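Take a look at the structure set out below.
The values are calculated or read from the model by the stated rules, or taken from the named source; none is laboratory data. Since we're looking at a predicted model, the values are computed, not measured. Heads up, the Cβs are rebuilt from the backbone with ideal geometry, glycines too, and the neighbour counts pull from every protein chain shown. What goes into the accessible areas is simple: the full protein's heavy atoms, side chains included, and nothing from ligands, DNA or RNA. Shrake-Rupley method; radii C 1.70, N 1.55, O 1.52, S 1.80 Å.
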Amino acid sequence: MGAIHEPVRLGSAACLDPARETLSRDALAQLQLERLRAVLRNAWQNVPWQRARMQAVELHPDAVTGLEDLRRLPFTVKTDLRDHYPFGLFARPVGALARVHASSGTTGKPTVVGYTAGDLDRWADLMARSMYGAGVRAGDLVHNAYGYGLFTGGLGLHCGAERLGCPVVPMSGGGSERQVALIMDFGARVLCATPSYALALAEVGQQLGVDLPQSRLEIGLFGAEPWSAAMREEIEAGLGLKAFDVYGLSEIMGPGVACACEARDGLHGWEDHFLFEVIDPEDGAPVAEGEAGELVITTLTKEALPMLRYRTRDITRVTTRPCDCGRTHLRILRVTGRDDDMLIIRGVNMYPSQIEAVLVGRPGLAAHYQLVVERHGSLDHLRVEVEAQPGVEPSAFDDMSRAAAHHIKSLIGVTAQVAVCAPGTLPRSQGKAVRVRDERSRRDKRDQGA
C-alpha cells in the first residue's frame, strides 16, 4: 500500500505528497519522459495492436528522446477498446489482474478496463491526493453516493478515502430519503456524488423539511458529468457545502485523474502519472496553451491497460500558470462539454452546459432541465424543458418560457422553444444525468418504415 506523507503547508493550502506535487516543470518533464519510455515498452512487449502501431511509424520505445515523439503515434479512441472486446488491449493476462470494471454498454459493447494490484494502489494514492487537495482530512466521515459496481466512481472514491484515513459510508446511488437521513444522523463532512444527484438530494431534503445546509457537510466532490458554475452555486446553496470538481474516466483510471484544490481555479491534472495534450478536435493538431480543444491523455504508470494518446472527447483548456496553492501540475480549466455531446442546431454549435449556464439561477427556474432535439420537416428543432421552482404559479410559466428563450437566443445564438413545467415533472438522476433526448433518429426510422 502507498504511504501517506506528512502534509506540508504551501501557499494557501497543504500538500499530501509535496515531493511530487511541487516538482519543478523541468523535473516533471524529465519524470514524464522516463515513464513514457516505460509505458511504451510495456505496450510494445505485451499489446500486439499497440506494437504494430508503433512499428508503423517507426517509433521504438528505446529511441524516444523527447515527449514530442509521442505525437508520431495515432490516437486511441473508445471504439478501439470495443473492437478488441473484452481483453484484447490488456498488457496483462486476466489471471494477473486484481479488478475489472466496464461501462454500461448502452451504445454497443461495454468498454472493459482492468487493473493490477499496483494500478489499484496508485489509483488510491491519487484519489487520496485529490481529496486532500480539496480539504478532506483523515478522520472525516465521507458519504459516498457515487454508484458502486462496474462503474469506477464508487470504488474509486471509496478506496481513495480509505487511503487518506477517512471512514466511508458506502451508500451508492438511490434511496434518496434514506441518504438524506443518514447524512444528518451520521454527520458526514464530505459528500461524493454526481452534480445532478447532489442537486436531487438537496431537493429531497427540502421536500422532507430537512435543513441540509445546517448539516455537518462542508465539502462536496462532484464529477462524472459536465456542470456549470451556476449549477455549482445551486448545489452549494442547497447543501451548505463547498463544491469541488473531480475528473476522471474509466479508460484512463477512474476519478482522481484531476481535481480542484482549495483555490478552485481549475483542476490539477496529476502529470507524474498522466501526459496531457489539447488538440483541435477537427484535425488533431495541438492547440496553444489556454485555447479550447479536446483533451488527450496518455497513461504513464498504468500496467494492465496502457492508454496511448486517448481521445477523451472532453472539451477544455489547460494552463501551467502557477496556482495559489503552490502545486506545479497543470490545471484543467473546467470541462465545458464533450465533443460527441455537441449539438448543431440550424448551423449553431452548442453544448448542453451552455444552456444550463443560462437557465440555472434565473428567477423562478429550478436546476432540473432536459434538451429535446426533434426534426420538424428538414430542420432540427430544440425544445428545452425546465422545471419551475416550488411555489411558482403556473400562470407565470408562459412569461418565464419566453424570457428564457430570449436569453438563450441572445447569449448562445440558438433558437429554442422553452417549456417551463411543474416541479417534479422531469426524471431525476441517481448517477449521470441524461441531459439530451434526441428524437431525430426515432422519426427517421418511422419515416423509413422501420
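Here is how the numbers come out for the structure above:
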| item | result |
| --- | --- |
| Label point distance in nm, Arg383-Ala422, each placed 7 Å from Cα along Cα→Cβ | 1.8 |
| Debye log10 I(q)/I(0) at q = 0.25 Å⁻¹ for the range 177-264, Cα point scatterers | -1.25 |
| Apportionment of accessible area to carbon and sulfur, the range 165-246, percent (1.4 Å) | 47 |
| Distance from the range 91-168 to the range 389-443 (C-alpha centre basis), Å | 35 |
| Column: log10 I(q)/I(0), Debye, Cα scatterers of the chain, q = 0.11, 0.13 Å⁻¹ | -0.92, -1.25 |
| Within a Gaussian network of the chain (alpha carbon springs, distance under 10 Å), most fluctuating of Ser410, Ser103, Ser395 | Ser395 |
| Share of carbon and sulfur in the accessible heavy-atom surface of the range 315-397 [1.4 Å probe, %] | 52 |
| Separation of the Asp62 and Glu34 label points, Cα + 7 Å toward Cβ, nm | 2.0 |
| Cα convex hull volume per residue for the range 263-362 (Å³) | 128 |
| GNM top mover of Val348, Val418, Val335 - the chain, alpha-carbon springs below 10 Å | Val348 |
| With 10 Å bins from 0: P(r) over the range 338-396, alpha-carbon pairs, percent | 20, 45, 26, 9 |
| Mean accessible surface per residue for the chain, computed with a 1.4 Å probe while every protein chain stays in place, in Å² | 42 |
| Nearest-20 debye value, the chain charge dipole, Cβ charges on Lys, Arg, Asp, Glu | 740 |
| DSSP-defined beta bridges in the range 171-271 - what % are antiparallel, rounded to 5 | 45 |
| Label point distance in nm, Ala96-Ser24, each placed 7 Å from Cα along Cα→Cβ | 3.7 |
| Sequence ranges 119-130, 355-366, 203-214, ranked by mean other-Cβ count within 10 angstrom, highest first | 119-130, 355-366, 203-214 |
| Potential lengthening between Ser395 and Val372 on full extension [0.36 nm per residue; Cα-Cα distance subtracted] | 5.9 nm |
| Mean separation of Cα contacts under 8 Å, 6 or more apart, over the residue count of the chain: relative contact order % | 14 |
